[in-house]
Amino acid sequence: MQINLNNPDELTLENVREFIRTGDDSKFNQLKVTEDGIAYFSEDVGQELKHHRFYMETLDAGNDYVGEAAAKDEEWVKKFYESLRDAWQKDRRGAVYE
């Protein structure tokens, strides 16, 4: 799943919840955002970051940062959503650790 951050109808708490649900918790994941505003999870953590607007710290496997359990954690979903939204709105570049 991807979220187009240029489309306010896509950057919603519920879409972020579904986005988190699609992640595979058995693998390391990294949220990356392209210059065009497409947010996606990559299992190639720390790779190909040069052509991205920003990326977030790696979500370690087995810690329920993504997947079904993570999507049910209201506080985590809200924090993830706010970090993504704020980084996009503030035009952050490079690593985002919020």
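The values are calculated or read from the model by the stated rules, or taken from the named source; none is laboratory data. Being a predicted model, the structure only gives us computed values, none of them experimental. For neighbour counting, all protein chains shown are included, and Cβ atoms are generated from backbone atoms with ideal geometry for every residue, glycine included.
Just a few scattered comments:
- Sole exception among (1) modelled with pLDDT under 95; (2) at negative phi for residue 14, by number: (1)
- From 19, 28, residue being of a type in the set (Phe, Trp, Tyr) and touching a Ser or Thr at 6+ places or on another chain (Cβ under 8 Å): 28
- Among the strands (runs of 3 or more DSSP E) confined to the chain, the ones with at least 2 residues that are surrounded by 19 or more Cβ atoms within 10 Å (Cβ to Cβ) are located at 30-34, 38-42, 52-56.
- Residue satisfying all of: in segment 53-87; touching a strand residue (DSSP E or B) at 6+ places or on another chain (Cβ under 9 Å), touching a residue at least 40 places away in the same chain (Cβ under 8 Å) and hydrophobic (A, V, I, L, M, F, W, C); farthest from residue 1 (Cα to Cα) among these: 87
- Flag if residue 67 is more than 19 Å from residue 88 (Cα to Cα) and not polar (S, T, N, Q): yes
- From the list 24, 44, the one residue that fits, being modelled with pLDDT of 95 or more and of a type outside the set (Phe, Trp, Tyr), is 24.
This table checks each residue for (1) over 21 Å from residue 97 (Cβ atoms); (2) in contact (Cβ under 8 Å) with a residue 24 or more places away in the chain; (3) in contact with a strand residue (DSSP E or B) (Cβ under 9 Å, 6 or more places away or on another chain).
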| position | (1), (2), (3) |
| --- | --- |
| 3 | no, yes, yes |
| 15 | yes, no, yes |
| 21 | yes, yes, no |
| 30 | no, yes, yes |
| 37 | no, yes, yes |
| 42 | no, no, yes |
| 46 | no, no, yes |
| 51 | no, no, yes |
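- Flag if residue 85 is modelled with pLDDT under 95 and either out of contact with any helix residue (DSSP H, G or I) (no Cβ under 7 Å at 6 or more places or on another chain) or on the phi > 0 side of the Ramachandran plot (or both): no
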